[in-house]
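One structure is given below, encoded as structure tokens.
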There are 2 protein chains.
Amino acid sequence: MIAALRCLPGVGPKSAQRMAYHLLQRDRAGALRLAHSLLNAATNMQHCQQCNNFSEQAVCPLCASPHRDVSMLCVVEMPADLLMMEQTQCYRGLYFVLMGRLSPLDGIGAKELHFDRLLKRVATHPCEVILATNFTVEGDATAHYLATLLQSQGIKVSRIARGLPVGGELEQVDAGTLAQAVLERREITL
Amino acid sequence: MIAALRCLPGVGPKSAQRMAYHLLQRDRAGALRLAHSLLNAATNMQHCQQCNNFSEQAVCPLCASPHRDVSMLCVVEMPADLLMMEQTQCYRGLYFVLMGRLSPLDGIGAKELHFDRLLKRVATHPCEVILATNFTVEGDATAHYLATLLQSQGIKVSRIARGLPVGGELEQVDAGTLAQAVLERREITL
């Protein structure tokens, strides 16, 4: 059991030992619940056919919801990014989760990220695609590659904005972000 | 001397005493240099007639430079913001320093910020005005007020971009900033 607990990220031999003894001595019910939920997840968790997010059903509740705006499709790297987008409560469209980012050195290319499924999806359900990959080198490269791919199919593609954070002051921001904020300034039309 | 040193921000009675003894016992030359530079600054430092920044000349070196792009005028709140903009090395236009922001409760209005001088300047030298006030409540209010004012004169006005910082990941950003980044997304045109 101690050896098995070490599969958890950030859990070394000492922590694993402490966890094991805690479960056995104090919380056998919790151990059983954990065992069942792990079993359930590992057996039943699959990828949603539409958004590629983890889901227990073939189509996840979010994709199946009739209350979402089907005219927008937001592409994110990871399920955690989808959760962040949902927390903003301003986006009501659908999602596509890449489960990664282009990273040729790690052998992660267009095939591993299911770009073909994304292309097929927008071909059958035309919509605006919002690229919300991270503003890291790999995230930017992924966005650029996807933009080229999607635009060649005549699909409207946009990228979430780069610039100063809300509440941000010029003095506290790094020079690179400020430079981008100037380059990507928006004309004000009242 | 101890009492006089306390006019420096963040210097209390103890620090002032330490500073005074240090200067008298160890660094009389430094004390003299400081006295001269304070005298010089307090006597000669004025506001540049063009950009309103601190300057020893009637027109500051930056405004007088022939290498700046006169088709762009960046409005910032404070001299420190101007320095930040210069550090980006991507902006080569001119500046106007408000020396504050609209703050009616503190009695700071359009008059105190010299909006009339700004208006006169863009009337005689038409250019694009880039509003680079902070993304705080007061900074935003100032930008909005200025945009209305300048656009009624037919001047092109833009605002630096709001969004995710360079290198930023969705997971680490606050919900407000992410919401703005989605609202202000840019269509990609290759």
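Structure notes:
- Residue among B:G100, B:G107 that alone is farther than 30 Å from A:V137 by Cβ and within 18 Å of the chain's Cα centre (by Cα): B:G100
- Single residue of B:Y95, B:Y91 found to be under 16 Å from the mean Cα position of the chain (by Cα), in contact (Cβ under 8 Å) with a residue 12 or more places away in the chain, crowded, with 20+ Cβ neighbours inside 10 Å and more than 9 Å from chain A (Cβ to nearest Cβ): B:Y95
- Of the helices (runs of 4 or more DSSP H) lying entirely inside segment A:100-190, those carrying at least 1 residues that are touching a residue at least 60 places away in the same chain (Cβ under 8 Å), closer than 18 Å to A:L73 by Cα and in contact with a Gly (Cβ under 9 Å, 6 or more places away or on another chain) are A:137-151.
- So A:V75, is it under 22 Å from B:D174 (Cα atoms), more than 9 Å from chain B (Cβ to nearest Cβ) and in contact with a His (Cβ under 9 Å, 6 or more places away or on another chain): no
- Residue within segment A:112-129 that is facing chain B (nearest Cβ under 10 Å) and either closer than 24 Å to B:A179 by Cβ or surrounded by 16 or more Cβ atoms within 10 Å (Cβ to Cβ) (or both) present: yes
- Considering residues of segment B:145-166 that are in contact with a strand residue (DSSP E or B) (Cβ under 7 Å, 6 or more places away or on another chain), among the β-branched types (V, I, T) and within 7 Å of another protein chain (Cβ to nearest Cβ) only, the residue nearest to A:A175 (Cα to Cα): B:V166
- Contact map, segment A:18-47: residues that are within 15 Å of A:L5 (Cβ to Cβ) paired with residues that are basic (K, R), Cβ distance under 7 Å, separation 6+ or inter-chain. No pairs are found.
- Residue count for segment A:130-144, restricted to those that are more than 7 Å from every other protein chain (Cβ to nearest Cβ), crowded, with 18+ Cβ neighbours inside 10 Å and either in contact with a Cys (Cβ under 8 Å, 6 or more places away or on another chain) or of a type outside the set (S, T, N, Q) (or both): 5
- Enumeration of residues in segment A:160-190 that are touching a helix residue (DSSP H, G or I) at 6+ places or on another chain (Cβ under 6 Å) and basic (K, R): A:R162
Values quoted throughout were computed directly from the atomic coordinates according to the rules given, and no laboratory measurement underlies them. Values in this document were obtained by computation on a predicted structure and should not be read as measured data. We place every Cβ from the backbone using ideal geometry, glycine too, and count neighbours over all the protein chains shown.
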